[in-house]
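Here's the structure, in structure tokens; my notes come after.
All of the numbers you see were taken from the coordinates with simple rules; none came from a lab. Note that the structure is predicted; figures quoted are calculated from it, not measured. With ideal geometry, Cβ positions are generated from the backbone for all residues, glycine too; neighbour counts draw on all protein chains shown.
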Amino acid sequence: QPMIECAALTRTYDLGAERVHALRDVTFTVNRGEFVAIMGPSGSGKSTLLNLLGALDRPTSGDLVVDGQSVARMSGDDLARLRNREIGFVFQQFNLLPRMSALENVMLPLTYSPLRGLDRPAIARARLEEIGLGARIHHRPNQLSGGQQQRVAIARALANSPNIILADEPTGALDTHMTAEIMALFSRLHQKGLTVVVITHEPEVAAYAERLLTFRDGELVKDVCQAPIAVNG
Ligand code: ADP
Ligand code: ADP
């Protein structure tokens with residue numbers, strides 16, 4: 001069974017008399033454990049697609065099935081549950097809470113978690129250690145470099161052991177060196193079996209994925225497999 005199935009996925013916005021087709025009849029499947037990059041010019045529908053894949057939004061028409069569950073027909077509560085259990089989000093600007101330590105930021109998603117009864121600080125600490133930030137768990141975001149902040153954000157995305165990582169321009173605020181570090185990290189998560197979907201403007205970033213989807217004017221115009229940049233586990 002695939003991890004993500006989109007069938008004639010369509011999302012329109014009504015702006016007064018005008019109807020914007022943010023996504024139009026998009027059909028594709030992402031298998032379990034695939035590493036997919038999504039490219040396309042500004043306004044081509046990438047964020048709209050990520051919002052749908054992340055169960056933050058529902059399609060206007062068409063079908064979207066995430067890990068066997070049909071998002072199109074789900075109630076708000078069920079969408080929230082799917083989001084918390086299945087999906088880890090990573091953003092361009094990290095979106096960490098500035099007054100909280102790295103550890104506290106990573107603990108946040110565990111509040112609404114099936115792992116609830118467990119030792120949340122211990123789980124958060126383990127996530128930070130896994131991504132090499134074990135020595136900085138009590139630092140606040142402004143005491144960390146951009147690359148380190150993004151690693152905290154990735155640890156937070158992994159807190160609830162999701163099956164899917166959705167990242168929207170995760171390297172957009174990082175320099176070349178940190179970009180390579182963060183993409184190597186996504187590569188290792190992929191090697192461990194996670195399904196990874198990354199939106200990017202940068203071909204050097206898309207090169208880490210094994211498949212590249214290109215969007216234009218809300219339509220999927222290209223779907224190619226590629227040999228990804230090799231990263232040692
Ligand atoms: P991208 O992420 O590729 O830049 P978006 O998904 O943000 O593209 O936008 C696709 C199209 O849908 C654009 O024309 C955008 O203006 C429009 N759009 C996106 N979100 C909304 C919204 N909430 N309301 C109205 N129009 C929107
Ligand atoms: P990106 O930098 O990823 O391309 P955008 O600037 O296109 O993001 O969109 C940022 C957010 O604003 C998205 O959640 C999108 O849905 C929303 N948005 C985009 N275009 C419009 C619009 N014309 N009207 C209202 N919201 C929009």
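Given R0 = 30 Å, the distance between the Cβ atoms of Glu219 and Arg73 translates into a calculated FRET efficiency of 0.80.
Whole-Hz Karplus values for the range 83-88 come out as 4, 5, 8, 9, 10, x Hz, taken residue by residue from phi with 6.51 cos²θ - 1.76 cosθ + 1.60 and θ = phi - 60°; glycine and proline positions read x. Each residue of the range 28-40 was assigned a 3J(HN,Hα) from its phi angle through the Karplus curve 6.51 cos²θ - 1.76 cosθ + 1.60 (θ = phi - 60°); the sequence is 6, 10, 10, 6, 4, x, 6, 10, 10, 9, 10, 10, x Hz, with glycine and proline shown as x.
Simple spin-label estimate for Glu18 and Glu129 gives 5.5 nm between the two label positions (7 Å along the Cα-to-Cβ direction from each Cα).
For the range 50-124 versus the range 6-26, the inter-centroid distance based on Cα atoms is 24 Å. When the P(r) is computed for the range 46-129, the part past 21 Å accounts for 41% of the Cα-Cα pairs.
Here the range 116-147 is scanned for amide nitrogen atoms under 19 Å from the site 7 Å beyond the Cα of Arg85 along Cα-to-Cβ, giving 116-118. For the range 94-111, no residue has its backbone nitrogen under 18 Å from a point 7 Å from the Cα of Asp175, taken along Cα to Cβ.
Rounded to the nearest 5, what is the percent of antiparallel bridges among the DSSP beta bridges in the chain? Intermediate results must be reported in sequence, preceding the final value.
Working: 22 of 40 bridges.
The antiparallel fraction comes to roughly 55 percent.
Could you tell me the relative contact order of the chain? Use alpha-carbon pairs under 8 Å, at least six residues apart, and round to a whole percent. All intermediate terms of the calculation are to be shown ahead of the outcome.
Working: 480 pairs, mean separation 62.5, N = 233.
It comes to 27 percent, rounded to a whole number.
Other residues with beta-carbon under 12 Å from the beta-carbon of Thr27 carry, at +1 per Lys or Arg and -1 per Asp or Glu, a net charge of -4. Cα axis of helix 120-130 to longest principal axis of the chain: angle in degrees, 0 to 90, nearest 10? Tilt relative to the chain: about 80 degrees. Rounded to the nearest 0.05, the FRET efficiency derived from the C-beta distance between Asn142 and Leu118 at R0 = 35 Å is 0.75. Relative to the first principal axis of the alpha-carbon coordinates of the chain, what is the inclination of helix 146-158, with its axis defined by its Cα atoms, in degrees from 0 to 90 and to the nearest 10? With rounding to tens, the tilt is 70 degrees.
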